[in-house]
Amino acid sequence: RALAILRDATAGAEDGELFLEHSVSESLVFDDGRLRNSGYTAEQGFGLRAVRGEVTGYAHSTEISEPALRRAAETARL
């Protein structure tokens, strides 16, 4: 589905791309063998770009879902 949305967003464009990212990080801090601090983060998002000549359409979101991709395609479409 993402490929079809990308094709729609870049129709008539010379170039385009969809960048997706999902990352998870966990950290533990020990001092003298004792756990002093811990942390956990999860991040996600995407960017959609379409280029034609000197004009660039771009949209991004932190929500990775089909509706969010469709909204971004409407915004980035040239």
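Pick from the stretch 1-59 the residues that are in a strand (DSSP E or B) and β-branched (Val, Ile, Thr): which of them is surrounded by the most Cβ atoms within 10 Å (Cβ to Cβ)?
Among them, the one singled out is 51.
The rows are residues; the columns are (1) modelled with pLDDT of 95 or more; (2) out of contact with any Ser or Thr (no Cβ under 7 Å at 6 or more places or on another chain).
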position	(1), (2)
20	no, yes
44	yes, no
58	yes, yes
61	yes, yes
74	no, yes
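Note down all Cβ pairs under 6 Å where the first residue falls in the stretch 36-58 and is under 21 Å from residue 19 (Cα atoms) and of a type in the set (D, E, K, R), the second is modelled with pLDDT of 95 or more and surrounded by fewer than 10 Cβ atoms within 10 Å (Cβ to Cβ), and they're at least six residues apart or on different chains.
43/23
Residues in the stretch 47-78 that are hydrophobic (A, V, I, L, M, F, W, C) and touching a helix residue (DSSP H, G or I) at 6+ places or on another chain (Cβ under 7 Å): how many? Please lay out each step first, then the result.
We begin by selecting, within the stretch 47-78, every residue hydrophobic (A, V, I, L, M, F, W, C); these are 48, 50-51, 55, 59, 64, 68-69, 72-73, 76, 78.
When the remaining residues are screened for being touching a helix residue (DSSP H, G or I) at 6+ places or on another chain (Cβ under 7 Å), the result is 48, 50, 59, 69, 73, 76.
Number satisfying all stated conditions: 6.
The values are calculated or read from the model by the stated rules, or taken from the named source; none is laboratory data. The shown structure was predicted, so the numbers you read here are calculated from the model rather than taken from an experiment. Cβ sites come from the backbone with ideal geometry, for glycine too, and all protein chains shown count toward neighbours.
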